[in-house]
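The values are calculated or read from the model by the stated rules, or taken from the named source; none is laboratory data. It should be emphasised that the depicted structure is a prediction, and the values quoted were computed from it without experimental measurement. Counting neighbours? That spans all protein chains shown, and the Cβs are built from the backbone with ideal geometry, glycine included.
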Amino acid sequence: MKRRVAVTGIGAVSPNGIGREEFWQATKCGRSGVGRISRFDPSKYVVQVAGEVKGLDEDRFVTVKDRPHVSRSVPLGATAMAEALQDAGLDWQAMNRDQLRQIGVIVGSGGGSQDFTEEQYRLFYSGHEKQCSVYTIPTSTIGTLASEFSMRFGLRGMSHIVSTGCTSSTDAIGYALRNIQMGVMDTMVAGGVDAPIAPLILRGFILMRIMTSSWNNDPQRASRPFSRDRDGFVLAEGAWFLVLEELEHARARGAQIYGEIAGYGSTCEAFHRVRLEECGEEPARAIGLALGEAGIPATEIQYVNYHGTSTELNDRIETRAMKLAFGDHAYKIAGSSLKSLIGHPQGACGAAGVAATLLAMRDGVAPPTLNIDEPDPECDLDYIPAKARPLEIEHAVANCIAFGSKNSALVLRKVN
């Protein structure tokens, strides 16, 4: 019999708020974190907006001396992970070595330290190769990112990266779930971080023609999932981490419990590098697999946290997948896209959606989707437009879709 897995801690570093409660307050109030790019001068680019995290104390976990040697993902992720551990009542500074060996880390990240690597190439090709970091290779190697967090908190359990594009952090939570279910670990810290706001990365996404360039003068209206006039996503950064524990282990130490990760499903369409297959069958099947593992009929789902990127293709096909997965019940499920408030933080987006959903369960309120200004006849479900809604959530789905035809979903259950 599989062991049950609870969430006992949440940490968030988001474009619309640093810290779990600030993030959640902004989210349920519909406050956007999208603005004009300030990290560099974006005036020569057709896209000039992003979801940036502003006001972060980078010195807390990365010294000034060490900053040239790590990605921005490190201070973002370390800040969120520290909050999650503290929220769960796990004082890593007071733990002995054996206790630290019992906590593992699984990080989901689509790009890892690409921003750092881009800077090393810039230095090299601009004649400043002597300024390149001595850690160019280890920091650029995506697997090292998990080690950065393990080292900062002294956590000696497994330290792994999952990098599957936009489903990365959903899959990281799924793998953490599996390790606890099978008795490999009792406690895991899992979630996601990405920091893709850099000139060449921005340019690469622009070349793909999947980002909006229509709202440079009104950034908070740029991310518009499910609205007929949507024309692309908004690039974003951020970090969201959860502490996952075997349920009885959490209860035995009197830990708070936000909810249970009840099921996980993942599929691949094996179709295209970036396009989704029109039928929506594999995203629907991923949801079905997660529901099956949870033992929950589709009719018991009250809320869906959508992938909802604000691209024409994603939102239309995700809506179709919902109808395949839930049948007529799809029209009775409330759902929302967090990306309308924060943009698209790439591989970290799944953990962001799980965090928001668990907080929605806690408070009995479902967050809104912003900027649905024009109804789309092909996106005709209940996306909670404009304003949050009181909603008691017993069961929810957090859905993700990624480049490379990947689809992943988690089922969350309230624990009474």
Next item on the list: Considering every residue within the range 23-39, establish whether at least one is surrounded by fewer than 17 Cβ atoms within 10 Å (Cβ to Cβ), within 26 Å of Ser214 (Cα to Cα) and not basic (Lys, Arg).
Entry: yes
In the set Tyr303, Tyr331, Tyr258, the lone residue that is farther than 20 Å from Pro368 by Cα, touching a Leu at 6+ places or on another chain (Cβ under 7 Å) and among the aromatic types (Phe, Trp, Tyr) is Tyr258
Residue count, the range 322-349, condition assigned to a helix (DSSP H, G or I), among the hydrophobic types (A, V, I, L, M, F, W, C) and either touching a Lys or Arg at 6+ places or on another chain (Cβ under 9 Å) or within 16 Å of Thr167 (Cα to Cα) (or both), comes to 7
Discussion item. So for the range 184-193 (the condition being in a helix (DSSP H, G or I), farther than 17 Å from Thr8 by Cα and assigned by TED's automatic domain parsing to the domain that holds Ala78), does at least one residue qualify?
Written reply: no
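Do the conditions hold for Cys349, that is, is it at pLDDT 95 or above, crowded, with 24+ Cβ neighbours inside 10 Å and not charged (D, E, K, R)? Explain how you work it out, then say what you get.
Numbers: at pLDDT 95 or above: yes; crowded, with 24+ Cβ neighbours inside 10 Å: yes; not charged (D, E, K, R): yes.
Here the answer is yes, as Cys349 does meet what is asked.
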Exactly one of Arg178, Arg221 is under 29 Å from Glu22 (Cβ atoms) and surrounded by fewer than 24 Cβ atoms within 10 Å (Cβ to Cβ), and that one is Arg221
With the first residue restricted to the range 151-166 and required to be under 13 Å from Ile103 (Cβ atoms), and the second required to be of a type in the set (Lys, Arg) and surrounded by fewer than 20 Cβ atoms within 10 Å (Cβ to Cβ), Cβ contacts under 8 Å at 6 or more apart or on different chains are Arg156/Arg97; Arg156/Arg101; Gly157/Arg101
